Amino acid sequence: MSANITLSREDIVRLTERVEGAQARAHGIPKLTDEYPAMTIADGYAVQGELRRRYLAKGHRLVGWKAGLTSKAKMVQMGVNVPSVGFLTDRMARPENSAISTADLVHPRVECEVAFVMKAELKGPGCTAQDVLAATDYVLPALEIIDSRFYGFKFDLPSVIADNSSSARFVGGGRARYPDEVDLRTLGVVLEKNGEMVANGASAAVLGHPAEAIAMLVNILAELGEILPAGSFVMSGGITEAIAVKPGDHMSARFQDLGIVSVRFVA
Ligand code: 0L1
Ligand code: MG
């Protein structure tokens, strides 16, 4: 992927500072391609990589990764046609049923996802869904709180990848299961906002099987020169479209066989 990097080192650092500032101060910025229209997906990952380097240098701990834009509903909602990945740190993790402050976010949205916890390291290229299942310790339901730092949630792939695929917060919960205890392809989920159903779907919406999304993620990591270490927490992508939230909202995802995971939002 590095062969397609068009940005200079100075531009990568400048854009990383812009994204980092928007994330830290929760303020919107124009998409990066407004200034750099020729930006490639590889440029987006170069900025994301620099962002990760800076967070880790500040003491944040890498705890896992997320696959994004892995369902048709998400791709249609955001007007893109290729999945992406982003990194997850300890500072983004929140306990189940906790109160998440919207003051630290620009315009949060919630997604329901199947999360995988790995017992063995995985490396691409050529990683398959079977490899993923063999390396999975357990799966559990998760809510991802995404927050694009771009005005109006309007972006293209290079920009959103630079913004760490809109990663902001994540919550794991419900009931952890071994991957061979459940049919991971046909898990149903109902997403509720303040007790009312706002979306529903089945896990096959995620690239046909959530393990396919994790394999895709491992193969993208290989292009970035990274592996997926044992112990990683990995989210496979939103099953339905993302739902906007505001202070006072309570979100729950009721998963077949995996239980319920909930979170609420405060100012
Ligand atoms: O987790 C996701 O699917 C989000 C990826 C980035 C696109 C978005 O902000 O909706
Ligand atoms: Mg997601």
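The values are calculated or read from the model by the stated rules, or taken from the named source; none is laboratory data. From a predicted model like this one, the values you see are computed outputs, not experimental measurements. Don't worry about glycine lacking a Cβ; one is built from the backbone with ideal geometry, like all the others, and counts go over all protein chains shown. When the accessible area is computed, the model is the full protein with side chains, heavy atoms only, and any ligands, DNA or RNA have been set aside. Shrake-Rupley method; radii C 1.70, N 1.55, O 1.52, S 1.80 Å.
Given (1) within 24 Å of residue 40 (Cβ to Cβ); (2) at pLDDT below 95, identify the lone condition not met by residue 72.
In the conditions (1) within 24 Å of residue 40 (Cβ to Cβ); (2) at pLDDT below 95, residue 72 misses (1) alone.
Considering 253, 215, which residue is small (Gly, Ala, Ser), within 17 Å of the chain's Cα centre (by Cα) and away from ligand 2 (no atom under 16 Å from the Cβ)?
Matching residue, one of 253, 215: 215.
If you take the residues in the range 102-121 that are of a type in the set (Asp, Glu) and surrounded by fewer than 24 Cβ atoms within 10 Å (Cβ to Cβ), which one is nearest to residue 182 (Cα to Cα)?
121
I'm trying to understand the selection: among the residues of the range 61-111, which are hydroxyl-bearing (Ser, Thr, Tyr) and touching a His at 6+ places or on another chain (Cβ under 6 Å)?
Hit for the range 61-111 is 89, nothing else.
Working only within the range 81-118, note down all residues that are within 16 Å of ligand 1 (Cβ to nearest atom), among the small types (Gly, Ala, Ser) and touching a Phe, Trp or Tyr at 6+ places or on another chain (Cβ under 8 Å).
Result: 86, 93, 115.
Can you tell me which residues in the range 223-243 are within 11 Å of ligand 1 (Cβ to nearest atom) and either of a type outside the set (Ser, Thr, Tyr) or exposed (fewer than 13 other Cβ atoms within 10 Å of the Cβ) (or both)?
Residues satisfying the conditions are 235, 237, 238, 239, 241, 242.
I'm told residue 71 meets every condition in (1) within 16 Å of ligand 1 (Cβ to nearest atom); (2) open to solvent by 20 Å² or more (accessible area, probe 1.4 Å) except one. Can you identify the failing condition by its number?
(2)
What's the number of the only condition in (1) surrounded by fewer than 22 Cβ atoms within 10 Å (Cβ to Cβ); (2) more than 13 Å from ligand 2 (Cβ to nearest atom) that residue 92 fails to meet?
(2)
Here are some residues: 59, 79, 49. Which one is without any contact (Cβ under 8 Å) to a residue 60 or more places away in the chain and open to solvent by less than 50 Å² (accessible area, probe 1.4 Å)?
When all the criteria are applied, what remains is 59.
Of everything in the range 236-250, what is farther than 23 Å from residue 154 by Cβ and outside any loop (DSSP other than H, G, I, E, B)? Give them in sequence order.
250
Got a sec? Which of 218, 198 is surrounded by 24 or more Cβ atoms within 10 Å (Cβ to Cβ) and touching a residue at least 40 places away in the same chain (Cβ under 8 Å)?
Result of the check over 218, 198: 218.
Test residue 163 against the criterion of being surrounded by fewer than 21 Cβ atoms within 10 Å (Cβ to Cβ) and of a type in the set (Asp, Glu), and give yes or no.
No, not satisfied.
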